[in-house]
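Chemist: I am attaching a structure below and will ask some questions about it afterwards.
The values are calculated or read from the model by the stated rules, or taken from the named source; none is laboratory data. Since the structure is predicted, the reported quantities are computational estimates derived from the model, not experimental observations. Here the Cβ is made from the backbone with ideal geometry for all residues, glycine too, and neighbour counts use every protein chain on show.
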Amino acid sequence: MKKLKSTLPNMVAVLTCVALITGGVLAWVHHITEGPKLAEQQRSLAADISKVMGGKEVKETKVETVSKTFEGKEYEFVVHHVATTDGTPLGKAVESTTMGFGGDLTVLVGLDGNGCVLGYAIRKTSETPGLGIKASDWFQKGGKGNIIGKNPKDAGFKVTKDGGDVDAITASTITSRAFLKAVEQASKLN
């Protein structure tokens, strides 16, 4: 086989062919993995909904997207209305996103019919590993900043540094404020 001369048109042709082949392979891989990724996301969401609703076996009865304005900024929430498997309403699991220290912080909050926190799960975070990431355990029952069983509508649902009753994550007050804001906003969707 004769070697191609190293000219600009030959280099452009070779690079174009390589780019087209690589792009085609990437598109094919994306197409093949799209279904399994979507199924895994749905499975993960269902597990988190069960977890935030007290670990019970539950089913979604309705899902809706709600827009609401807080402090002049519009936020979008995904509200999962939840019932037991026999149809008894439990409350709702609300996906709430606020700005944390490192970027968006998305929390799935389980609320009973009175607005009390049943549980929560961090769905997306860009917080500092080792500090802000502690929010996944810090505010759980038995954690230093326990919010389980509390109603965000009550006074004192702020970090102690801001005059509230909730202990902030050590060295991560901004993340703590963002987390509590996400939970509080989710509770105001009644």
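Chemist: Which residues, taken from the range 82-115, are touching a Ser or Thr at 6+ places or on another chain (Cβ under 6 Å), crowded, with 21+ Cβ neighbours inside 10 Å and either part of a loop (DSSP other than H, G, I, E, B) or of a type in the set (S, T, N, Q) (or both)?
Modeler: Result: Gly100, single match.
Chemist: Taking the range 148-177, which residues are assigned to a loop (DSSP other than H, G, I, E, B) and within 18 Å of Gly102 (Cβ to Cβ)? Reasoning before the result, please.
Modeler: So in the range 148-177, the residues assigned to a loop (DSSP other than H, G, I, E, B) come out as 148-158, 163-165, 167-172.
Listed by number, the residues that qualify are Ala168, Ile169, Thr170, Ala171, Ser172.
Chemist: Against the definition (out of contact with any Gly (no Cβ under 9 Å at 6 or more places or on another chain), closer than 25 Å to Lys134 by Cβ and not in a helix (DSSP H, G or I)), how does Phe77 come out, yes or no? Break it down into steps so the answer makes sense when it comes.
Modeler: Values: out of contact with any Gly (no Cβ under 9 Å at 6 or more places or on another chain): yes; closer than 25 Å to Lys134 by Cβ: yes; not in a helix (DSSP H, G or I): yes.
The answer is yes for Phe77.
Chemist: So if I check each of Val66, Val58, Val52, Val79, which one is under 21 Å from Asn114 (Cβ atoms), surrounded by 10 or more Cβ atoms within 10 Å (Cβ to Cβ) and touching a helix residue (DSSP H, G or I) at 6+ places or on another chain (Cβ under 6 Å)?
Modeler: Val58
Chemist: Determine the pairs where a residue that is at pLDDT below 90 and surrounded by 10 or more Cβ atoms within 10 Å (Cβ to Cβ), located within the range 3-20, has a partner that is assigned to a helix (DSSP H, G or I) and not basic (Lys, Arg) with Cβ atoms under 9 Å apart, the partner being 6 or more residues away or on another chain.
Modeler: If the second residue must be assigned to a helix (DSSP H, G or I) and not basic (Lys, Arg), the pairs left are Leu4/Asn10; Leu4/Met11; Leu4/Ala13; Leu4/Val14.
Chemist: Something else about it: Among the numbered criteria (1) without any contact (Cβ under 8 Å) to a residue 60 or more places away in the chain; (2) closer than 30 Å to Ile169 by Cβ; (3) touching a strand residue (DSSP E or B) at 6+ places or on another chain (Cβ under 6 Å); (4) acidic (Asp, Glu), which one does Asp48 miss?
Modeler: All conditions are met except number (1).
Chemist: Looking at (1) under 17 Å from Val52 (Cα atoms); (2) touching a helix residue (DSSP H, G or I) at 6+ places or on another chain (Cβ under 9 Å); (3) assigned to a strand (DSSP E or B), which is the only condition Gly145 fails?
Modeler: (3)
Chemist: Taking the conditions exactly as written (within 23 Å of Glu76 (Cα to Cα), polar (S, T, N, Q), surrounded by fewer than 19 Cβ atoms within 10 Å (Cβ to Cβ) and within 20 Å of the chain's Cα centre (by Cα)), does Ser136 satisfy them or not?
Modeler: Values: within 23 Å of Glu76 (Cα to Cα): yes; polar (S, T, N, Q): yes; surrounded by fewer than 19 Cβ atoms within 10 Å (Cβ to Cβ): yes; within 20 Å of the chain's Cα centre (by Cα): yes.
Against the criterion (within 23 Å of Glu76 (Cα to Cα), polar (S, T, N, Q), surrounded by fewer than 19 Cβ atoms within 10 Å (Cβ to Cβ) and within 20 Å of the chain's Cα centre (by Cα)), Ser136 qualifies.
Chemist: Name every residue in the range 44-98 that is over 17 Å from the mean Cα position of the chain (by Cα), among the polar types (S, T, N, Q) and more than 15 Å from Gly110 (Cα to Cα), in order of residue number.
Modeler: Thr69, Thr85, Thr88
Chemist: Scan the range 146-186 residue by residue and report those that are surrounded by 22 or more Cβ atoms within 10 Å (Cβ to Cβ) and small (Gly, Ala, Ser).
Modeler: Ala168, Ser172, Ser176, Ala178, Ala182, Ala186, listed by residue number.
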